[in-house]
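The values are calculated or read from the model by the stated rules, or taken from the named source; none is laboratory data. Quantities reported herein were computed from a predicted structural model and do not represent experimental measurements. Here the Cβ positions follow ideal geometry from the backbone for every residue, glycine too, while neighbour counts run over all protein chains shown.
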Amino acid sequence: MQPPEPPPPGPGRKIVHIDMDCFYAAIELRERPDLRGKPVAVGGRPGGRGVLTTCNYEARRFGCRSAMPTFQALERCPGLIVLPVRFDLYREESRRIRSIFAEFADLIEPLSLDEAYLDLSGRPEGGAELAAEIRGQIRARTGLTASAGIAPNKLLAKIASDWNKPDGQFEVAPEAVADFVRELPVRRLWGVGGKTAERLAKIGVGTCGDLQRFDLATLHRRFGKFGVGLYEMCRGIDRREVQSRRERKSLSNETTFRADLPDLDAGQRELRPLLDELRADLAGKAGEGRAVRSAFVKVKFADFQQTTAERRCAGVEVEVYEELLEEAWRRGGGKAVRLIGAGVRFEPQAPEGAAVQLGLL
């Protein structure tokens, strides 16, 4: 197998990834300054079966995180203040922030209410200068902070935006890409979870520089199609363009387990938190008015074979997902399972010219 041709150098390409800091919680703290300095989360109510959608940094110091069941977060942080979600407010703030983006870029790709890619390649200013100005405008107009990553492509820009959080930015200049990725831990790459990191560690790979020692054929043989992605990502290659009118076709989440699940009962227990997280994501990221077309469950077995079961469904119905999990599980013939995913596919959005639905930002 021959390695893919590298993308053209694209001199002057400036991609910025903007990621708001603890977006929902930050808005609530702005509205209620008396809560500043206290651990605050937004999401499922105490005593319920809901999950957190986000939490501030004070809460994160206790180990709280997004998608964590509320009861578990309260066990870790008994003083946690849990506020109900107010998506109308968050969407309005997201519109204000997107209007700021539109003053700087024509190509804007929203990923969720609180993050987006901007292609600033046509601007004469430096990417870091522009990112700092955008962040300053966000702070001045909304009272909220954002972090930014600046790089020649989307992969590196997203990694960089997490480098100096909160309220910071980091740039990977084109001439610095090779050095940057050489020392980058492979866990920073998209799609590399705990199990994949363990497999890589067993062959002596901890950084992208280590991974670069393996040729494309070897990575493809070991990891299938994902091996091709690993080959490119560890070299800082990403051909994707910023797409302004990208339509989300599905929404899903998945968990790779530290120990393979031995039977269906264990899988059904792990499914419930995934469905709680999916409901929260639907409310927060899918946008009001998106119609669900079908439900699906993905199962990856211990031997890395995987299968997906799907059925038409208008929402997140527990019974449907349990049946889909059983269907997918039985296809493995009794093999242990290392990953379960749950998701929905959406009905196509109305064509342009009909009522326009706000994107994910």
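Checking the stated criteria, Ala148 turns out not to satisfy the condition of being among the aliphatic types (A, V, I, L, M), free of Cβ contacts under 8 Å to residues at least 60 places away in the same chain and either surrounded by fewer than 17 Cβ atoms within 10 Å (Cβ to Cβ) or in contact with a His (Cβ under 7 Å, 6 or more places away or on another chain) (or both).
For the residues Phe223, Phe180, the requirement of being closer than 29 Å to Glu109 by Cα, surrounded by 17 or more Cβ atoms within 10 Å (Cβ to Cβ) and aromatic (Phe, Trp, Tyr) singles out Phe180. If you filter segment 75-91 down to residues that are assigned to a helix (DSSP H, G or I) and within 21 Å of the chain's Cα centre (by Cα), you find that the one that is surrounded by the most Cβ atoms within 10 Å (Cβ to Cβ) is Tyr90.
For Lys298, the stated conditions hold: it is over 30 Å from Ile15 (Cα atoms), modelled with pLDDT of 90 or more and crowded, with 19+ Cβ neighbours inside 10 Å.
Residues that are part of a loop (DSSP other than H, G, I, E, B) and either acidic (Asp, Glu) or farther than 16 Å from Thr256 by Cα (or both) within segment 176-194 comprise Glu183, Leu184, listed in sequence order.
Of the residues screened, Asp265 is not one that is modelled with pLDDT of 90 or more, buried (at least 18 other Cβ atoms within 10 Å of the Cβ), out of contact with any strand residue (DSSP E or B) (no Cβ under 8 Å at 6 or more places or on another chain) and of a type outside the set (Phe, Trp, Tyr). The requirement of being buried (at least 18 other Cβ atoms within 10 Å of the Cβ), under 25 Å from Gly193 (Cβ atoms) and modelled with pLDDT under 90 is not satisfied by Gly341. Cβ-Cβ distances below 9 Å connect the following pairs, each with a first residue in segment 303-321 that is surrounded by 15 or more Cβ atoms within 10 Å (Cβ to Cβ), a second residue that is in a loop (DSSP other than H, G, I, E, B) and not acidic (Asp, Glu), and a separation of six or more residues or different chains: Phe304/Gly224; Thr307/Arg331; Thr307/Gly332; Ala309/Arg331; Val320/Cys313; Tyr321/Cys313.
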